[in-house]
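Heads up, the thing below is written out as structure tokens.
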Amino acid sequence: VKENQAANAAYTGSDLCTASTQATDAKEVELKFSHRLSKIVINLTGDGWSGNDITVKMRNMMTTATVDLNSVSFVGTGTKKDVVCAPNGTRSYKAVLPPQKVGQGEKLLTVTMNGAIINPAYPRPASIARIAPILAARIT
């Protein structure tokens, strides 16, 4: 996936879909598409989010994946990097990531607002699964 997904083209370019079908001798086949990576949505709630100069980064995320096409499994691999999230509406941000685990107490997010950096810790281990979870970050 792209490390900087702030631009819509980089965000959508990070997505990965695969298609499957049944063997047939028909001229036309029906392809069933599935998203294979995880969509993370971060919603900043509560008061105190002033100004439009907000950047959200997912910290220490794997940006590459090992793929097993026989079992259709995708596992995050490689060096961990920060990923800049794309805007997703008012005080909402999104990113596409390979499936991976996040350890307890790891710094999951960095929010920069008007030059000030906030590094909340995720309170428990998390698993970023292939089926897109919604991660709501309440930072006050």
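The values are calculated or read from the model by the stated rules, or taken from the named source; none is laboratory data. Quick caveat: nothing in here was measured; it's all calculated off a predicted structure. Cβ placement follows ideal geometry from the backbone for every residue including glycine, while neighbour counts extend to all protein chains displayed. What goes into the accessible areas is simple: the full protein's heavy atoms, side chains included, and nothing from ligands, DNA or RNA. Shrake-Rupley method; radii C 1.70, N 1.55, O 1.52, S 1.80 Å.
Helix-derived [θ] at 222 nm for the chain: sum -39500 (n - 2.57) over DSSP H runs of at least 4, divide by residue count, nearest 500? Working shown, then result.
Values: 1 runs with 6 residues, N = 140.
The helix-only estimate for the chain comes to -1000 deg cm²/dmol at 222 nm.
The H on the amide N of K81, modeled in the peptide plane, is under 5 Å from the matching H of N60, M61, M62, T63, each at least 5 residues off or on a different chain. Computed from point charges on the beta carbon alone (+1 for Lys and Arg, -1 for Asp and Glu), the dipole magnitude for the chain about its Cα centre is near 360 Debye. Lysine pair count for the chain with Cα-Cα distance under 12 Å and sequence separation of 8 or more or different chains is 6. Keeping all protein chains in the complex and leaving out DNA, RNA and ligands, what accessible area do you get for F33 with a 1.4 Å probe, in Å² to the nearest 10? Result for F33: roughly 140 Å² accessible.
Largest accessible area first, the listed residues E106, E30 line up as E30, E106 when surface is computed with a 1.4 Å probe on the assembled protein chains. In plain terms, the bigger the Kirkwood radius, the slower the diffusion; for the stretch 1-118, with that radius from Cα pairs, at 20 °C and 1.002 mPa s, Stokes-Einstein puts D at 133 µm²/s. Over the C-alpha trace of the stretch 1-53, radius of gyration and Dmax come out as 18.7, 61 angstrom.
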